[in-house]
Each structure stands twice: as C-alpha cells, then as structure tokens.
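What follows draws every value from the coordinates through simple rules; no lab data is involved. In this text the structure is predicted, and so the values were computed from the model without any measurement. Virtual Cβ from ideal backbone geometry, glycine too; neighbours counted across all protein chains shown.
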Amino acid sequence: GENVEQHPSTLSVQEGDSAVIKCTYSDSASNYFPWYKQELGKRPQLIIDIRSNVGEKKDQRIAVTLNKTAKHFSLHITETQPEDSAVYFCTAVNTGGFKTIFGAGTRLFVKA
Amino acid sequence: EAGVAQSPRYKIIEKRQSVAFWCNPISGHATLYWYQQILGQGPKLLIQFQNNGVVDDSQLPKDRFSAERLKGVDSTLKIQPAKLEDSAVYLCASSSAGAETQYFGPGTRLLVL
C-alpha cells in the first residue's frame, strides 16, 4: 500500500541551530502536504502546509520544500528554540482520493 | 470557534470488554476522521467519513471495530471485544472539505488490561 517515510526518527540540535526533517511519499496522486507538531500529551496541530503546485513555502522560522518529481518534501526550522521540542509528522494527502497518510514522526529535541 | 470535542478523555477496561468513544467535529465540517495512535508512532487512519458516508475504512479492523456518523455530525467509534494491542490514543479530527487541513480533538487514551 501507499506509505510515507520520514527521517530522522530522532533529532537533537543546539538552540539556535537549524533542523531539517525529510519525507518521501509513494502515492503519485498526493497533492497536499501538511506538517503537524505534537507536543507531549497533546493533539497534533498544523504548523505549515504546501500544495503540489508550489515548490517552497515559508512562515517565519519554518519553511517547507516540495520536489514532486522525486516525491520528496522537507521541513526546515531555523533558529530553533526549546519550545520547538516536539514530535513532527509529515503527511501526504490525495485530496481527490480521500487518502491521508502520516509519516512515523520525528522527535526533535532542542537543547538550551 | 469551538474545536473538536471528544469523550471520554481516558478509559481503562479489561480485555474482551467493549468500549465506545464519541466525537463532535467543528461545526460545518463535512469530513470526520478517526485515528489510532500507538505510543511512539504516527496516527493511523481507521476510518474517514464524508458527511454520513464512509470514504475510507481500509485500515479498520472490522471484526472488532465499528464506527458510525448517522446524522453527518457527531460520530462514535466502538471496539468489541477489546484486545491488549488496542491500547492507544484514539484521535478524532475534522476538516471543512475532503482531506484538507485537519483539526484534531484532544483524544481518548485507552488502556486495555
């Protein structure tokens, strides 16, 4: 079946450094790629998303890139802060086929 | 705007017992999702409703799990009988259109002993 691979599973960075999380999807019909942040014991919350007709999107310290040919998309967090520590999930959505697949998650630790 | 509501927040049962979870989506959201999130893993979609119709239940263990959304608004997810491996957080989410941005409820944490 279709799947989304996410790497790394764990990422530890020093405060102020950048963090990059990479995902690969298999369903070529995926056309919407949201990223969710889940803090310990809380619900996933959308932090940024990108659609298939866009290659890059930025929102303050967070940016997402998409390479449809390679079926890769990535999350970039710059100037990391301790409050960025959480689990991040990439998602590939086929809006026409009503298919949503989450990656396994990346646990980000930002050390002060 | 009120968020997605779920109840109960926590449930402890013994294996082979039955349990039901309730979800009320954001008002006006046509699409409702139930996910199972096992500790340390990403959410796994169990079932997706568009209004009161099922559009995807391919990963729902239908021998023990069932879900309904009779009036196209709130939904219930039932497990009967429960197994130890059903211990997880059950998340409900809703979106205003098919498979667009999803808003999650607080989840129901289930422990099966």
In region A:83-106, what residues are in contact (Cβ under 8 Å) with a residue 24 or more places away in the chain and polar (S, T, N, Q)?
A:S85, A:T91, A:N94, A:T95, A:T106
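Restricting the search to region A:63-73, which residues are assigned to a strand (DSSP E or B) and of a type in the set (A, V, I, L, M, F, W, C)? Before the answer, list the steps.
So in region A:63-73, the residues assigned to a strand (DSSP E or B) come out as A:63-67, A:72-73.
Hits for region A:63-73 are A:A63, A:V64, A:L66, A:F73.
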Kindly indicate the residue of region A:1-44 that is without any contact (Cβ under 8 Å) to a residue 24 or more places away in the chain and within 19 Å of B:A93 (Cβ to Cβ) and also surrounded by the fewest Cβ atoms within 10 Å (Cβ to Cβ) among those meeting that condition.
A:G41
Can you pull out every residue in region A:13-49 that is aliphatic (A, V, I, L, M) and more than 12 Å from every other protein chain (Cβ to nearest Cβ)?
A:V13, A:A19, A:V20, A:I21
Taking into account only those residues within region B:9-45 that are hydroxyl-bearing (S, T, Y) and not in a strand (DSSP E or B), which is surrounded by the fewest Cβ atoms within 10 Å (Cβ to Cβ)?
B:S27
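Got a number for residues in region A:74-112 being among the charged types (D, E, K, R), surrounded by 18 or more Cβ atoms within 10 Å (Cβ to Cβ) and not in a strand (DSSP E or B)? Step through it out loud before you land on a result.
Quick first cut of region A:74-112, residues among the charged types (D, E, K, R) only: A:79, A:83-84, A:99, A:107, A:111.
Filter once more, so that each one left must be surrounded by 18 or more Cβ atoms within 10 Å (Cβ to Cβ): A:84, A:99.
From what's left, not in a strand (DSSP E or B): A:84.
Of the residues in that region, 1 qualify.
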Hey, can you tell me all the residues within region B:51-77 that are crowded, with 19+ Cβ neighbours inside 10 Å and not in a loop (DSSP other than H, G, I, E, B)?
B:F65, B:A67, B:S75, B:L77
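Checking the conditions here, which among B:Q48, B:Q6 is in a strand (DSSP E or B), in contact with an Asp or Glu (Cβ under 8 Å, 6 or more places away or on another chain) and within 14 Å of chain A (Cβ to nearest Cβ)?
Details: B:Q6 fails: in contact with an Asp or Glu (Cβ under 8 Å, 6 or more places away or on another chain).
Sole residue among the options that is in a strand (DSSP E or B), in contact with an Asp or Glu (Cβ under 8 Å, 6 or more places away or on another chain) and within 14 Å of chain A (Cβ to nearest Cβ): B:Q48.
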